[in-house]
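Trainee: I'd like to ask some things about the structure below.
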Amino acid sequence: MQINILTLFPQMFDSPFSASIFKRAIDGKLVRVNIHNIRDYTHDKHHTVDDYTYGGGAGMILKSDPIFEAVESIKSSIRLKEGAGVVPVILLTPQGRLFSQQIAWELSRHSHLILICGRYEGVDERVLEHLVTDEISIGDYVLSGGELAAIVVVDAVVRLLPGVLGSEASALDDSHATGLLEYPQYTRPAVYRGWAVPEVLLSGNHAQIAKWRREQAVLRTMKRRPELLDKANLCLEERQLVEDLKQS
Ligand code: SAH
């Protein structure tokens, strides 16, 4: 996968992409991340990327032209090189659809992504109307720029790419992957300060363990995020468990 990120602050991407899973994915050529400075697509002497709001009001707005030029230039290089199909052009914005594990899966299926990080009061509306194909928010709060949001989105997407997590971890059991929160997990020692690991996990009985984990995932989801259960894919037995728990 090739990920292109448009930003006014390229240095913000240095450290998150240089450690752990990310570094491995980049070194292993499973993903390539290109950071583009929006300022490089300006033509005036001062490299102006922002301007005042029409109609008045505090704060500056990112201008359309450098963003259009940057995206068009990236798109044409993608087409020339690899004949890729539709490339999502995603604006990070608190007004976008709320990011979720499902959206991460959806994005992980593309060979290319283009992400635009806003700054200041945001970007000129014509970027949204005529350039962007998707708008994503990472939560109902306002950040000072789209960079941290882009890092969150890219992190969640990259760990889903085949080969990235390796055999030591699986994205399939993760919280939200199944529509449920993940079950509790323990590692050695079996007893720590007198607190013992649940017996079943030491039993070696894989069927029992799988059953316990599934029940725990249902229980935990019910306690912490009951609204998730409506959409979760539960078997009859699990639905019954939820009903019983509701009664008790
Ligand atoms: N005035 C804008 C907010 C601008 S915040 C508004 O009220 O909608 C500056 C930039 O930070 C935005 O352009 C966006 O790129 C980024 N940003 C802020 N909060 C975000 C969030 N929750 N999710 C994704 N991007 C966000």
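Trainee: Within the range 198-245, can you find the residues that are of a type outside the set (A, V, I, L, M, F, W, C) and touching a Leu at 6+ places or on another chain (Cβ under 7 Å)? It would help to see each step written out before you state the result.
Mentor: First, the residues of the range 198-245 that are of a type outside the set (A, V, I, L, M, F, W, C): 198-199, 203-206, 208, 211, 213-216, 220-221, 223-227, 230-231, 233, 237-240, 243-244.
Within the range 198-245, GLU215, ARG220, THR221, ARG224, ARG225 qualify.
Trainee: Take the conditions modelled with pLDDT of 95 or more, out of contact with any Gly (no Cβ under 6 Å at 6 or more places or on another chain), assigned to a loop (DSSP other than H, G, I, E, B) and over 26 Å from LEU92 (Cα atoms) and apply them to GLN185. Does it pass?
Mentor: So GLN185 passes the test.
Trainee: Taking SER111 as meeting all but one of (1) touching a helix residue (DSSP H, G or I) at 6+ places or on another chain (Cβ under 8 Å); (2) of a type outside the set (Phe, Trp, Tyr); (3) open to solvent by less than 20 Å² (accessible area, probe 1.4 Å), write down the number of the exception.
Mentor: (3)
Trainee: Can I ask one more? Give the residue, chosen from LEU161, LEU128, LEU201, LEU165, that is within 14 Å of the ligand (Cβ to nearest atom), surrounded by fewer than 19 Cβ atoms within 10 Å (Cβ to Cβ) and either more than 27 Å from ASP244 (Cα to Cα) or at pLDDT 95 or above (or both). Working first, answer last.
Mentor: Values: LEU161 fails: within 14 Å of the ligand (Cβ to nearest atom); LEU201 fails: within 14 Å of the ligand (Cβ to nearest atom); LEU165 fails: within 14 Å of the ligand (Cβ to nearest atom).
Matching residue, one of LEU161, LEU128, LEU201, LEU165: LEU128.
Trainee: Can you tell me which of PHE9, PHE99, PHE17 is under 17 Å from VAL152 (Cβ atoms) and modelled with pLDDT under 95? Break it down into steps so the answer makes sense when it comes.
Mentor: Numbers: PHE9 fails: modelled with pLDDT under 95; PHE99 fails: modelled with pLDDT under 95.
Being under 17 Å from VAL152 (Cβ atoms) and modelled with pLDDT under 95 holds for just one of PHE9, PHE99, PHE17, which is PHE17.
Trainee: Looking at the range 1-39 only, could you name the residues that are on the phi > 0 side of the Ramachandran plot and basic (Lys, Arg)?
Mentor: Passing the criteria: only LYS29.
Trainee: Moving on to the next point. Mind telling me which of the residues GLU121, GLU135 ends up being within 16 Å of the ligand (Cβ to nearest atom), open to solvent by less than 90 Å² (accessible area, probe 1.4 Å) and either of a type in the set (D, E, K, R) or touching a Leu at 6+ places or on another chain (Cβ under 6 Å) (or both)?
Mentor: Unique residue meeting the criteria: GLU135.
Trainee: Name the residues in the range 1-36 that are in contact with a Leu (Cβ under 9 Å, 6 or more places away or on another chain), closer than 23 Å to LEU161 by Cα and assigned to a strand (DSSP E or B), would you?
Mentor: Across the range 1-36, the qualifying residues are GLN2, ILE3, ASN4, ILE5, LEU6, ILE35, HIS36.
Trainee: Mind listing whichever residues of the range 188-209 are under 35 Å from the mean Cα position of the chain (by Cα) and assigned to a helix (DSSP H, G or I)?
Mentor: Across the range 188-209, the qualifying residues are VAL200, LEU201, LEU202, HIS206, ALA207, GLN208, ILE209.
Trainee: Taking VAL153 as meeting all but one of (1) open to solvent by less than 70 Å² (accessible area, probe 1.4 Å); (2) without any contact (Cβ under 8 Å) to a residue 60 or more places away in the chain, write down the number of the exception.
Mentor: Just one mismatch for VAL153, condition (2).
The values are calculated or read from the model by the stated rules, or taken from the named source; none is laboratory data. The shown structure was predicted, so the numbers you read here are calculated from the model rather than taken from an experiment. Virtual Cβ from ideal backbone geometry, glycine too; neighbours counted across all protein chains shown. The area values use the complete protein model at the heavy-atom level, side chains included, leaving out ligands, DNA and RNA. Shrake-Rupley method; radii C 1.70, N 1.55, O 1.52, S 1.80 Å.
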